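*Asks:* Take a look at the following structure, please.
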Number of protein chains: 2
Amino acid sequence: MNAFDDLMRHARDTAALGQVAGRLGWDQETMMPRGAAGQRSDEMAAMEGVLHARRTDPRIGDWLAAIDGETLDDAGRAQLREIRRSFERANKVPARLAAEIARVTSQAQGQWAEARAADDFAAFAPILREVLALRREEGAALSDGGDVYDALLDDYEPGAKAAELEAMFGALRPRLVALREAILDKPAPKGLEGTFDEGAQMKLTRQIAKVFGYDMSRGRVDKAVHPFSSGSGNDVRITTRTAPEDPFNCLYSTIHEVGHACYEQNIDQAYLLTPLGQGVSMGVHESQSRIYENQLGRSRAFTGWLFGQMRDAFGDIGVADEEAFYAAVNRVHNGFIRTESDEVQYNLHVLLRFDLERALISRALEVEDLEAAWNDRFAADFGFPVTRPSQGVLQDVHWSVGLFGYFPTYTLGNVYAGCLHAALRDAVPELDAQLARGELAQATGWLRDTVQQHGGLCTPRDLIARACGAEPSEKPLLEYLEAKFGALYGL
Amino acid sequence: MNAFDDLMRHARDTAALGQVAGRLGWDQETMMPRGAAGQRSDEMAAMEGVLHARRTDPRIGDWLAAIDGETLDDAGRAQLREIRRSFERANKVPARLAAEIARVTSQAQGQWAEARAADDFAAFAPILREVLALRREEGAALSDGGDVYDALLDDYEPGAKAAELEAMFGALRPRLVALREAILDKPAPKGLEGTFDEGAQMKLTRQIAKVFGYDMSRGRVDKAVHPFSSGSGNDVRITTRTAPEDPFNCLYSTIHEVGHACYEQNIDQAYLLTPLGQGVSMGVHESQSRIYENQLGRSRAFTGWLFGQMRDAFGDIGVADEEAFYAAVNRVHNGFIRTESDEVQYNLHVLLRFDLERALISRALEVEDLEAAWNDRFAADFGFPVTRPSQGVLQDVHWSVGLFGYFPTYTLGNVYAGCLHAALRDAVPELDAQLARGELAQATGWLRDTVQQHGGLCTPRDLIARACGAEPSEKPLLEYLEAKFGALYGL
């Protein structure tokens, strides 16, 4: 077993260094003085160089060849699977290409920000073309002659295939469009009113984070421009943001990030600082953040409890009772921006991007036609026109940094959350009574036991199938959304 | 010049990774959740492993051999000097010994903390013996047959020799003891009175940090248990602490750390993330922190201005006028603890440690006799007995973590500060008028131009000699102390 021990020692150090690099990223968004930006990018590049050298270390190949997998337990075999995956991936991409992608995407992110500020897609198109060409080349190198988009998708959702997602998403789209249209024919419920002290928002948000099981002794909550979760194991930090007129932004960003963070915190400590010691895929990660945020956090039962907390924290908040508060929390409204969208429309934003980015990768769509394609699709699904690229094709950073294949994991996460929610309802019949008392322990405990603790032990799809006792399907999500919003809007 | 470019590229990445490791240390003391401690030590160990491998990379030897130093400018030759120094040092110490020192000192630090809490030197003695033996072995490996203590000292103060320091310190000791005795025969001046809001202390401390030239756009001030400065170049952070009854603790800790931080911030940007891009020695570093804190920050002129700031921030502070405030700032009092000492007695604490640690290294003193030796020397120099080891031999962490050879750099820094202060007075005849208006720009500008900007370009002694136009000597420090405290106490 010597080769396995050597391999694991190497993998542990790599995982530890990955955590260090992640913490640098956290620092950059929360604590770093602004004048340190240039120096920081050199520091990050040096860390990336170290990590890349470790991931391609030829000794990994020797160790892998020397290990007899038959002698290992499930966890050992899963460690090997993850290490082999990472090693093969790293070695398939020529160093020249990896460096070029790093260089061009870093430049492209800046140009994207400028183009968005100037509302000028044409200014962004040339470098987007470069990013796309490089990622296509990388996908081809990774695909072993198979589908290039699938090879890219595999980075974020191991084992997923675009064709399977297409079938699932194809079933979602018409029913979400129909639900959206039916809702927006109805009068909009009242929103909150008032100004909400930002200190009180942060106090309440920390309290809610703990209610959802976030372990503050192994994490912390800070403010940042964009909410995110960072780190694995015993140091998992989240950020949120506050706006004086919109306390839901802070609260639900926090609950979402707490879902991500609890996943990382609750992974079996036996996997700490190993390849299994982090969330297994972006889709499973998003399933946790979304079920915390939506199926639990935006439920009638929980919002009833939250209404009381909000009144205690802020006094009169402009809605009279629990029902009105529930309606305000779940208001469906027209909007251009994915990240500001509601449960009903969110996935329509994602499906649009999924279809467009596959077309870009396969060359069915050229970059010069992207803005028009976006606007056409948006008008078709959302019923009103995009007026400015900053509200359309330029709204997300993802493509500028080369994240082709990432978007579908958002909706896959919602689909998984739908499946998990149905199974959770079966497992915990008293769920609503608990949520109405602000008690999340049994719900989050079930997610911990069935999903979170396993880290990277099973492949994503297997993990969800085992947790739910059924193959993943879009049906539970659709049924949940149609029932919830049908009742809310009297459809 | 290819080998030089390759060498410098390697050195830059190493410097960048060193900054990353330093930032982890900062995070640990300021932001890290307490439950992350175990994981963090694995992360730090992984970073140390990376850094050690880079410092001993055999390519460095090849590059050094291939470079013709004659073709380089001063900065290039200084870079080579620093790189060669670090490479040779790293290669002289066997990996086995380095790992053993890391393991034992980490354990010893814990045992020291427990022994100090229990006031039990005997509980600490066995592991101190181990640490001492290991560092002796390391010193022997580094010394090439020369003096072992000098080899250890060289880590902190390149080029310094214990025999030279002994002569300098020998001249200090009797006059400091005499000054101390004369002062403590006189009545003690009044101290501050009142409770000082900790938020107001932090606000004032940030304002004072800026007055001393600390660039907040490339730094930040946080609270921590121990004040420190961390980082080089464009990301240099400091910490301070507050106590409600003692605002001087916060203010003067801050000014001290600002001295360290400004040194790092003011190094020529051409040296950013290179071996020359950090303070050249501990002694020179301490000269900057001490001249900011004492010769400038505790001067009659500056405290006159500070008195007004304190009154504005806190109202009545229990002393009536500038003279009384100046006396309170500079109160000399009996005390056991080095870090709480005043300008007059501070160096007596250091000289005691310097003499004892040399005796330990040379085996003139055995660990079992250390406590008694400490207590005898303390009674001789300070005139009253040590009653508990936590107030004596167990008060400092340094020896537990193996820092033999570090202590004398504190006093060397004070000696250098004395020399620089004399030269600064010559260069800026209007200094007191400026300080009385809270204007530090010309004083700190002179230190930046003569000392700080050069980073590691010159050796420490040369740097101070050039800045002062004279060889370093203890005389200016003694003259300054005797004049200042003679006037304050009417001697």
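*Asks:* Could you give me D for chain B, from Stokes-Einstein at 10 °C and 1.306 mPa s, where the hydrodynamic radius is the Kirkwood radius over C-alpha pairs? Units µm² s⁻¹, please.
*Replies:* On the way: Rh = 23.7 Å.
In µm²/s, the coefficient is 67.
*Asks:* Which of A:Leu72, B:Leu403, B:Val236 sits farthest toward the positive end of the charge dipole of the protein assembly as shown, with +1 on the Cβ of Lys and Arg and -1 on the Cβ of Asp and Glu?
*Replies:* Positive-most Cα among the choices belongs to B:Val236.
*Asks:* Given the C-alpha centroids of the range B:130-152 and the range A:1-22, what is the distance between them in whole angstrom?
*Replies:* Result: 33 Å between the Cα centres.
*Asks:* Stokes-Einstein at 25 °C, 0.890 mPa s, Kirkwood radius from Cα pairs: D for the protein assembly as shown in µm² s⁻¹?
*Replies:* Estimated via Stokes-Einstein, D reaches 77 µm²/s.
*Asks:* Could you go through the range B:118-125 in sequence order and give the Karplus-derived ³J(HN,Hα) for each residue, using 6.51 cos²θ - 1.76 cosθ + 1.60 with θ = phi - 60°, rounded to whole Hz, and x for Gly and Pro?
*Replies:* Per-residue couplings from phi come out as 8, 6, 9, 5, 4, 5, 9, 4 Hz.
*Asks:* If you don't mind, there's one more thing I want to ask. Closest to the B-onto-A rotation axis, which residue of chain B has its Cβ, and how many Å off the axis is it?
*Replies:* Looking at chain B's Cβ atoms against the axis toward A, the nearest is B:Val50, 3.
*Asks:* Let me ask another. Taking Cα atoms of the range B:448-491, Rg/Rh with Kirkwood Rh, to two decimals?
*Replies:* Using only Cα positions, Rg/Rh for the range B:448-491 is 1.18.
*Asks:* So if we plug the beta-carbon distance of B:Glu323 and B:Ala364 into 1/(1 + (r/R0)^6) with R0 = 56 Å, what FRET efficiency do we get, rounded to 0.05?
*Replies:* In this case the efficiency is close to 0.75.
*Asks:* Taking H placed 1.01 Å from N in the peptide plane, check which residues at least 5 places from B:Lys223 or on another chain put their amide H under 5 Å from its amide H.
*Replies:* The list, which skips near neighbours in sequence, is B:Thr240.
*Asks:* Show the residues, 5+ positions off or on another chain, whose built amide H is closer than 5 Å to the amide H of B:His333.
*Replies:* Correct list: B:Asp342.
*Asks:* I would also like to ask the following. For the range A:246-269, list residues with backbone N below 13 Å from a point placed 7 Å from the Cα of A:Glu340 toward its Cβ?
*Replies:* A:246, A:249
*Asks:* With a cut-off of 8 Å between alpha carbons and a minimum separation of six or more residues, what is the relative contact order of the range A:159-491 in percent?
*Replies:* Over the range A:159-491, the number comes to 24 percent.
*Asks:* I would also like to ask the following. List, shortest first and in nm to one decimal, how far the label point of B:Asp376 (7 Å from Cα along Cα→Cβ) is from its counterparts in the other copies.
*Replies:* Taking the point 7 Å beyond Cα along Cα→Cβ, the inter-copy spacings are 9.6 nm.
*Asks:* What residues from the range B:34-59 fall in the zone where the backbone N is under 20 Å from a label point 7 Å along the Cα-to-C-beta line of A:Met216?
*Replies:* B:34-37
*Asks:* When the Debye formula is applied to the Cα atoms of the range B:2-155, each taken as the same point scatterer, what base-10 log of I(q)/I(0) results at q = 0.11, 0.15 Å⁻¹?
*Replies:* The calculated log intensity ratios at q = 0.11, 0.15 Å⁻¹ are -0.59, -0.99.
*Asks:* So how far, in whole Å, is the C-alpha centre of the range B:413-491 from the one of the range B:156-199?
*Replies:* Answer, in whole Å: 17.
*Asks:* Can I ask one more? Translational diffusion coefficient, Stokes-Einstein: compute it for the range B:219-285 using the Kirkwood radius over C-alpha pairs as Rh, at 20 °C and 1.002 mPa s, and state it as an integer in µm² s⁻¹.
*Replies:* Using the Kirkwood radius from Cα pairs, D works out to 172 µm²/s.
*Asks:* Please express the Cα-Cα pair-distance distribution P(r) of the range A:371-456 as a list of whole percents, one per 10 Å bin, running from 0 to the bin with the greatest distance.
*Replies:* In order of increasing distance, the bins hold 14, 28, 22, 22, 14 percent.
*Asks:* What are the ³J(HN,Hα) values, in whole Hz, obtained from phi via the Karplus relation 6.51 cos²θ - 1.76 cosθ + 1.60 with θ = phi - 60°, for each residue of the range B:325-336 in sequence order, with x given for Gly and Pro?
*Replies:* Here the 3J(HN,Hα) series is 5, 4, 5, 5, 4, 10, 4, 9, 8, 4, x, 8 Hz.
*Asks:* Place the label 7 angstrom along Cα→C-beta at A:Arg388 and in each other copy, then list the distances from the first to the rest in nm, shortest first.
*Replies:* Ordered by distance, the counterparts are at 6.7 nm.
*Asks:* Same structure, new question: Applying 1/(1 + (r/R0)^6) with R0 = 56 Å to the Cβ-Cβ distance of A:Gln453 and B:Ala66, what FRET efficiency is obtained, to the nearest 0.05?
*Replies:* Efficiency, rounded to the nearest 0.05: 0.55.
*Asks:* Pop the C-beta distance of B:Asp268 and B:Gln107 into the FRET formula with R0 = 25 Å and round what comes out to the nearest 0.05.
*Replies:* 0.05
*Asks:* Multiply the residue separation of A:Lys223 and A:Arg55 by 0.36 nm, subtract the distance between their alpha-carbon atoms, and state the gained length in nm to one decimal.
*Replies:* Additional length available on full extension: 57.2 nm.
*Asks:* I'd like the Karplus ³J(HN,Hα) series for the range A:244-260: coefficients 6.51, -1.76, 1.60, θ = phi - 60°, whole numbers in Hz, and an x wherever there's a Gly or Pro.
*Replies:* Couplings: x, 9, 9, x, 5, 4, 5, 5, 7, 4, 4, 4, 4, 5, 4, x, 4 Hz.
*Asks:* Quote the charge dipole size of the range A:58-194 about the Cα centre in Debye, to the nearest 20; the model charges only the Cβ of Lys and Arg (+1) and of Asp and Glu (-1).
*Replies:* Here the size comes out at about 300 debye.
*Asks:* Taking H placed 1.01 Å from N in the peptide plane, check which residues at least 5 places from B:Gly159 or on another chain put their amide H under 5 Å from its amide H.
*Replies:* none
*Asks:* Something else: Please go through the residue pairs A:Lys92/A:Lys223; A:Lys186/A:Lys223; A:Lys186/A:Lys475; A:Lys223/B:Lys210 and name each one whose alpha carbons sit more than 32 Å apart in this structure.
*Replies:* A:Lys92/A:Lys223; A:Lys186/A:Lys223
*Asks:* Any chance you could give the angle, 0 to 90 degrees and rounded to 10, that helix A:2-30 forms with the longest Cα principal axis of chain A?
*Replies:* 50 degrees
*Asks:* Across the residues of B:261-273, average count of Cβ atoms on other protein chains within 10 Å?
*Replies:* Rounded to a whole number, the mean comes out at 1.
*Asks:* Here is a follow-up. Say a label goes 7 Å from Cα toward Cβ at B:Gly486 in every copy; what distances in nm does this one have to the rest, shortest first?
*Replies:* Spacings between copies for this position, smallest first, are 9.7 nm.
*Asks:* Sticking with this structure for a sec: Using the scaling law 2.2 N^0.38 Å as the reference, what is the normalised Cα Rg of the range A:106-245? Could you put the intermediate results ahead of the total?
*Replies:* Details: Rg = 21.6 Å, N = 140, 2.2 N^0.38 = 14.4 Å.
Dividing the Cα Rg of the range A:106-245 by 2.2 N^0.38 Å gives 1.50.
*Asks:* Sort B:55-61, A:24-30 for me by packing, meaning the mean count of neighbouring Cβ atoms within 10 Å per residue, highest on top. Spell out each step's value before the answer.
*Replies:* Values: B:55-61: 15.3, A:24-30: 18.4.
Result, highest mean Cβ count within 10 Å first: A:24-30, B:55-61.
*Asks:* Placing +1 at every Lys and Arg Cβ and -1 at every Asp and Glu Cβ, with all other atoms neutral, what dipole size does the protein assembly as shown have around its Cα centre, in debye to the nearest 20? Don't skip to the end; give the middle numbers.
*Replies:* Values: 104 positive and 146 negative charges, 57 e Å.
Rounded to the nearest 20 debye, it is 280 debye.
*Asks:* Right, next: Against the longest alpha carbon principal axis of chain B, how many degrees, from 0 to 90 and to the nearest 10, is the axis of helix B:441-450 turned?
*Replies:* The two axes meet at around 30 degrees.
*Asks:* Let me understand the range A:407-491 better: what is its radius of gyration from the alpha carbons, and its Dmax, in angstrom?
*Replies:* Spelled out, the Cα radius of gyration and Dmax of the range A:407-491 are 13.8, 44 Å.
Each value in this text was obtained by applying a stated rule to the coordinates, not by laboratory testing. In this text, all values refer to a predicted model and were calculated from it rather than measured experimentally. Cβ coordinates were reconstructed from backbone atoms using ideal geometry, including for glycine residues, and neighbour counts include every protein chain displayed.
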